[in-house]
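Step one of this worksheet: look at the structure below.
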Amino acid sequence: MLKRAMFRCGQLCSRVFAVEFDLRTEPLYFTLNSTPQVLHKAYQELFGDDGKLFSLHVHCDNRIEKAQTHAEIKHQLSIALSRDCDVFEASSFIPDVKNSLVKGFFIRDKSTTDLSEDVLKTLQQSKSVCVFSYKREGQYCWQEMLSPVNQVEESVRQYITPAAAAEHHPSTLNIRNSDVFYNMDEAYKVLKECTDIIPESKEVLKLVDEQLETSRGDGFPVIVIEGLDATGKTTLTEALRESLNATLLKSPPQCLAPFRQRFDSEPPLIRRAFYALGNYITAAHIGKESLRAPVIVDRFWHSTAAYAIATAVGGRVENLPEPGSELYKWPEDLLKPNLVLLLTVSPEERLRRLRDRGQDKTIEEAELEVNQLFRLKVEEAYKRIQNPACIIVDASPSPQEVLQQVQHLIRNKYHL
Ligand SMILES: Nc1ncnc2c1ncn2[C@@H]1O[C@H](COP(=O)(O)OP(=O)(O)OP(=O)(O)O)[C@@H](O)[C@H]1O
Ligand SMILES: Nc1ccn([C@@H]2O[C@H](COP(=O)(O)O)[C@@H](O)[C@H]2O)c(=O)n1
């Protein structure tokens, strides 16, 4: 209860709230003030008379618990609230302060029942969940904490005050070491913190520990093939293996295959740490194999970072960290490939290939299909990663032509 009170009184005043009201536009930003302030039109739309309004934030010192509570609440809201409720992604943050983002939801209940209030009061029982309700009072709107069931809290009202748009989308504040890991230790720590609740974490860490140190002298070239799914990576990497007499590796490596489904169902913090560690295991394999033959790698760090950034950043491509941001920097301790090629095809051609393949799709792949915004963000994030940056390859021609194009690129560089 003390934490909740601190969140309410201490940090809250300097915090800015952001509601992703419409994913195609800027979030709506507001702060809190003890004096009422007239709301502008956009705010009146959000805080209008149309239904009851609530916001819910998860705040907790234990990052694993926090990530899992957030994911669990997202799931509960999606099943417990009726179609009369709109649920928007929301967050609160301190402008320009890294890791200050607290993720949550904004709920508009247009139903005639008190369904959402009951659901939210039950969720509020958790010590790490903080629920606020919003009340219109003429041209003003105020926020106060929703009392948990059977508990009457002293109520402090704060008025909604429109705030200026944040220079960088708030979700970018927490990407480092929550969504993207820039050295192995940070990803390792996350899985270590999970061993009690996810026993498979121990096995993954054991596999990481078993890998010898990655050292690579002047071996054969290492060529990474990247791209959204169904852009032709498998087709091309197999053809390259044959034509170059190369070793073909993948990230995540085969030894992690039995754990992939388990970690795919976990929140981003844990899921991304798993994929990050996969890259280090693959790097160890690259280190050994590149002493013997050229190495072709199907997905590596570009994929890990691009998908993670695109998922973490809500809404439009403009919300991504700006080009040149440190968030696109290659991890300091991860083996660098010599060449990274990004396969691109038009969205229509990709969908045609996905359909022809007719395989089961992972949730994220299915999301790609329906979510044009997400696809654009993944591709743009790929292109913004530097040192090594990827060379874009038009993968729409026939497999043979794509292979020739890539062989030409490799020959020019390595005379292979
Ligand atoms: N150049 C091409 N022209 C036409 N079809 C292609 C081409 N390359 C691959 N395909 C077909 O598109 C589908 C997807 O190709 P592939 O499996 O190689 O993509 P991928 O990038 O490895 O996908 P994922 O990442 O989902 O494993 C397959 O059915 C494949 O036969
Ligand atoms: N190095 C990697 C490889 C993959 N991912 C994640 O896996 C998904 C795509 O993998 P496919 O096997 O379906 O091609 C995608 O969701 C990535 O998030 C990764 O993070 N790092």
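The values are calculated or read from the model by the stated rules, or taken from the named source; none is laboratory data. As the structure is a prediction and not an experimental result, all values here were calculated from the model. Cβ atoms come from the backbone with ideal geometry, glycine included; neighbour counts cover every protein chain shown.
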On the basis of being touching a strand residue (DSSP E or B) at 6+ places or on another chain (Cβ under 9 Å), modelled with pLDDT of 85 or more and on the phi < 0 side of the Ramachandran plot, does Gln44 make the cut?
no
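With the structure loaded, tell me whether Ala283 is touching a strand residue (DSSP E or B) at 6+ places or on another chain (Cβ under 9 Å) and more than 16 Å from ligand 1 (Cβ to nearest atom) or whether it fails that test.
Working: touching a strand residue (DSSP E or B) at 6+ places or on another chain (Cβ under 9 Å): no; more than 16 Å from ligand 1 (Cβ to nearest atom): yes.
Answer is no for this residue.
Hey, any hits in region 90-97 for a residue that's within 20 Å of Ala18 (Cβ to Cβ) and surrounded by fewer than 16 Cβ atoms within 10 Å (Cβ to Cβ)?
Taking region 90-97 and keeping what is within 20 Å of Ala18 (Cβ to Cβ), we get 90-97.
From what's left, surrounded by fewer than 16 Cβ atoms within 10 Å (Cβ to Cβ): 96-97.
Yes, region 90-97 has at least one match.
Please list, ordered by residue number, the helices (runs of 4 or more DSSP H) wholly in region 103-210 having 1 or more residues that are among the aromatic types (Phe, Trp, Tyr), at positive phi and modelled with pLDDT of 95 or more.
Working: elements: 115-123, 184-193, 200-210.
So the answer is none; nothing clears 1.
Quick grid of which residues meet (1) over 19 Å from Leu341 (Cβ atoms); (2) in contact (Cβ under 8 Å) with a residue 40 or more places away in the chain; (3) in contact with a helix residue (DSSP H, G or I) (Cβ under 8 Å, 6 or more places away or on another chain); (4) among the acidic types (Asp, Glu):
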site: Leu207; (1), (2), (3), (4): yes, yes, yes, no
site: Asp218; (1), (2), (3), (4): yes, no, no, yes
site: Gly227; (1), (2), (3), (4): no, yes, yes, no
site: Ala239; (1), (2), (3), (4): no, yes, yes, no
site: Ser243; (1), (2), (3), (4): no, yes, yes, no
site: Gln254; (1), (2), (3), (4): yes, no, no, no
site: Arg271; (1), (2), (3), (4): yes, no, yes, no
site: Tyr275; (1), (2), (3), (4): yes, no, yes, no
Which of the residues belonging to region 50-93 are in a helix (DSSP H, G or I) and among the polar types (S, T, N, Q)?
Gln68, Thr69, Gln76, Ser78
Name the single residue that is surrounded by the most Cβ atoms within 10 Å (Cβ to Cβ) among those in region 269-284 being within 10 Å of ligand 2 (Cβ to nearest atom) and not polar (S, T, N, Q).
Ala276
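Of a type in the set (A, V, I, L, M, F, W, C), within 19 Å of Leu191 (Cα to Cα), crowded, with 20+ Cβ neighbours inside 10 Å and over 17 Å from the mean Cα position of the chain (by Cα), is that true of Leu256? Working first, answer last.
Working: of a type in the set (A, V, I, L, M, F, W, C): yes; within 19 Å of Leu191 (Cα to Cα): yes; crowded, with 20+ Cβ neighbours inside 10 Å: yes; over 17 Å from the mean Cα position of the chain (by Cα): yes.
Against the criterion (of a type in the set (A, V, I, L, M, F, W, C), within 19 Å of Leu191 (Cα to Cα), crowded, with 20+ Cβ neighbours inside 10 Å and over 17 Å from the mean Cα position of the chain (by Cα)), Leu256 qualifies.
Can you tell me which residue in region 286-300 is farthest from ligand 1 (Cβ to nearest atom), limited to those that are over 14 Å from Val340 (Cβ atoms) and either among the hydrophobic types (A, V, I, L, M, F, W, C) or touching a Cys at 6+ places or on another chain (Cβ under 8 Å) (or both)? Before you say what the answer is, go through the steps one by one.
First pass over region 286-300, keeping only residues over 14 Å from Val340 (Cβ atoms): 287-294.
Keeping just the survivors that are either among the hydrophobic types (A, V, I, L, M, F, W, C) or touching a Cys at 6+ places or on another chain (Cβ under 8 Å) (or both) gives 291, 293.
Working: Leu291: 27, Ala293: 21 Å.
Looking at the filtered set, the residue picked out is Leu291.
Mind listing just one residue for me: the one in region 301-349 that is among the small types (Gly, Ala, Ser) and not in a loop (DSSP other than H, G, I, E, B) and, of those, farthest from ligand 1 (Cβ to nearest atom)? Let's see the steps before the verdict.
Residues of region 301-349 among the small types (Gly, Ala, Ser): 303, 305-306, 308, 310, 312, 314-315, 324-325, 346.
In the following step, the residues that additionally are not in a loop (DSSP other than H, G, I, E, B) were identified as 303, 305-306, 308, 310, 312.
On the way: Ser303: 9, Ala305: 16, Ala306: 13, Ala308: 16, Ala310: 15, Ala312: 21 Å.
Among residues in region 301-349 that are among the small types (Gly, Ala, Ser) and not in a loop (DSSP other than H, G, I, E, B), the one farthest from ligand 1 (Cβ to nearest atom) is Ala312.
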Take the residues in region 285-300 that are part of a loop (DSSP other than H, G, I, E, B) and of a type in the set (Gly, Ala, Ser); name whichever of them is farthest from ligand 2 (Cβ to nearest atom).
Ala293
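Yes or no: Ile309 of a type in the set (Val, Ile, Thr), modelled with pLDDT of 95 or more and surrounded by fewer than 24 Cβ atoms within 10 Å (Cβ to Cβ)?
Numbers: of a type in the set (Val, Ile, Thr): yes; modelled with pLDDT of 95 or more: yes; surrounded by fewer than 24 Cβ atoms within 10 Å (Cβ to Cβ): no.
Here the answer is no, as Ile309 does not meet what is asked.
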Take Leu277 and decide whether it is modelled with pLDDT of 95 or more, out of contact with any Lys or Arg (no Cβ under 8 Å at 6 or more places or on another chain), closer than 16 Å to Phe181 by Cβ and assigned to a helix (DSSP H, G or I).
yes
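Which residue, of Glu238, Glu226, Glu266, is of a type outside the set (A, V, I, L, M), within 16 Å of ligand 2 (Cβ to nearest atom) and assigned to a loop (DSSP other than H, G, I, E, B)? Walk me through how you get there before you give the answer.
Values: Glu238 fails: assigned to a loop (DSSP other than H, G, I, E, B); Glu226 fails: assigned to a loop (DSSP other than H, G, I, E, B).
Result: Glu266 is the single residue among Glu238, Glu226, Glu266 that is of a type outside the set (A, V, I, L, M), within 16 Å of ligand 2 (Cβ to nearest atom) and assigned to a loop (DSSP other than H, G, I, E, B).
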Answer yes or no as to whether Val340 is surrounded by fewer than 23 Cβ atoms within 10 Å (Cβ to Cβ), β-branched (Val, Ile, Thr), touching a Cys at 6+ places or on another chain (Cβ under 7 Å) and closer than 14 Å to Tyr382 by Cβ.
yes
